[in-house]
Amino acid sequence: MTQLDNVTRPKSQRSKRILQGRAPKIAENVKNAMIMKGGNTSETITNALKDLYALKKPNAVLYKKKNITRPFEDSTSLEFFSKKTDCSLFVFGSHNKKRPNNLIFGRLFDFHVLDMMELGIEKYTGLMDFKNSKCPEGTKPMLVFAGDAFDIDHELRRLKSLFIDFFRGQAVPAVRLAGLEHILHITALEDKIYLRSYRSVLKKSGCRTPRIELEEIGPAFDFVVRRTHMASEDLYKTAHRQPKVLKIGKKKNISHDVFGTKFGRLHMQKQDLGKLQTRKMKGLRKRRGPVPAAGEETDAKAPKTESADPEPTQS
């Protein structure tokens, strides 16, 4: 591929297909993540990065070599690797005396860093420490966020959005019941973030609906929030902009509730209920005259009238 006036032009069909795959689309591709470690790491960070890679596979790239960089001071190397591997998410692990067992979760927009959250690991239980069966690779997890802080605190609200982007996987129109087996439970409590991973087990219950039990499969993290790098509101809105094709136009007199139920409103002219056609019954038939009282005799015959011809007189 050659570059002319900051425009990359393909020289072969293979490079042309690669550029077409990276071009903007109406329906975005699955967000890939690059997982890398810094110049100094500990055994905890190394195992934690491997476990995060296992949760994100196959939409992740794991770098095994050390990368001497500091994302909060200089993010050019992260932007270079993201453009090279077409990744819009990253996790960077490092360890030093000032900030031990450090993980940085971040997002990129247009191959530039959008926001970053630095989390310190206070307690960690690895994936291999749980001696039980695991979920298959690529299983789409169910995300559960507990704690009012995810809705109140501005930084934790961004962290919630970052975790959703990182773990949600591929967007699918439907999921079978047996595929709902991986659960990620994230709790915000007393300035700490607790991440737990469970597998739902369907057991017999004596009826058609199975009994569901949760089995912890790991990994388990206890995080504490350290440094943050937030995007401005204008840049954040630009990153969330959608094309007009995907925007659902507001239809008149149609609304939806929180459960997705569709409601419609009809406008009609005012009806005269007196002319409303009801069921024809004998008891509701209108009568021509007043109803006579009990005991009164009614004369069914018409009254006699005098004759118009005079009677003959005697002479």
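The values are calculated or read from the model by the stated rules, or taken from the named source; none is laboratory data. What you are looking at is a predicted structure, and each value in this text was computed from that prediction instead of being measured. Side chains are part of the model used for accessible areas, which takes the heavy atoms of the whole protein and leaves out ligands, DNA and RNA. Shrake-Rupley method; radii C 1.70, N 1.55, O 1.52, S 1.80 Å.
With θ set to phi - 60°, apply the Karplus curve 6.51 cos²θ - 1.76 cosθ + 1.60 along the range 110-119 and write out the HN-Hα couplings as whole Hz, x wherever there is a Gly or Pro.
6, 6, 10, 5, 8, 8, 9, 10, 9, 10
So which residue, out of 244, 37, 270, gets the largest mean-square fluctuation from a GNM of the chain using Cα contacts under 10 Å as springs?
Among 244, 37, 270, the largest GNM mean-square fluctuation belongs to 270.
Placing one identical point scatterer on every Cα of the chain and ignoring solvent, what is log10 I(q)/I(0) from the Debye formula at q = 0.12, 0.13 Å⁻¹?
-0.99, -1.11
For the chain, with a Gaussian network of springs between Cα atoms less than 10 Å apart, report the residue from 141, 243, 173 with the top mean-square fluctuation.
Comparing 141, 243, 173 in a Gaussian network model of the chain, the most mobile one is 173.
How much mean residue ellipticity at 222 nm does the chain get from its helices, if each DSSP H run of length 4 or more adds -39500 (n - 2.57) and you divide by all residues, to the nearest 500 deg cm²/dmol? Display every interim value, and only then the final one.
Numbers: 6 runs with 59 residues, N = 315.
Roughly -5500 deg cm²/dmol at 222 nm, from the helical runs in the chain.
Report, ordered by chain and residue number, the aspartates and glutamates lying within cross-link reach of residue 203, taken as a straight Cα distance under 17 Å and ignoring same-chain residues fewer than 8 apart.
Within the straight-line cut-off, residue 203 pairs with 181, 213, 215, 216.
Of the listed pairs 244/270; 98/160; 64/247; 56/250; 252/280; 97/134, which have alpha-carbon separations greater than 31 Å here?
On the way: 244/270 39 Å; 98/160 26 Å; 64/247 41 Å; 56/250 36 Å; 252/280 39 Å; 97/134 34 Å.
Long pairs (Cα-Cα over 31 Å): 244/270; 64/247; 56/250; 252/280; 97/134.
Please turn the phi angles of the range 230-238 into ³J(HN,Hα) values with the Karplus equation 6.51 cos²θ - 1.76 cosθ + 1.60 (θ = phi - 60°), one per residue in order, whole Hz, x for glycine and proline.
3J(HN,Hα) across the range 230-238, in whole Hz: 9, 6, 5, 5, 5, 5, 5, 5, 5.
Taking only protein heavy atoms into account and a 1.4 Å probe, give the accessible area per residue of the chain in Å². Numbers along the way, then the final one.
Numbers: 23760 Å² over 315 residues.
Here the residues of the chain average 75 Å² of exposed surface.
Specify the residue with the greatest mean-square fluctuation among 240, 229, 112, computed from a Gaussian network of the chain linking alpha-carbon atoms under 10 Å apart.
Largest GNM mean-square fluctuation: 240.
Could you please state how large a percent of the accessible area of the chain is carbon and sulfur, counting protein chains only and using a 1.4 Å probe? If you can, show how the numbers build up before the last one.
Working: 12230 of 23760 Å².
The value for the chain is 51 percent carbon and sulfur by accessible area.
Can you list the HN-Hα couplings for the range 244-253, worked out from phi with the Karplus curve (6.51, -1.76, 1.60; θ = phi - 60°), rounded to whole Hz and with x for Gly and Pro?
Ordered by residue, 3J(HN,Hα) equals 5, 5, 7, 6, 8, x, 6, 8, 6, 6 Hz.
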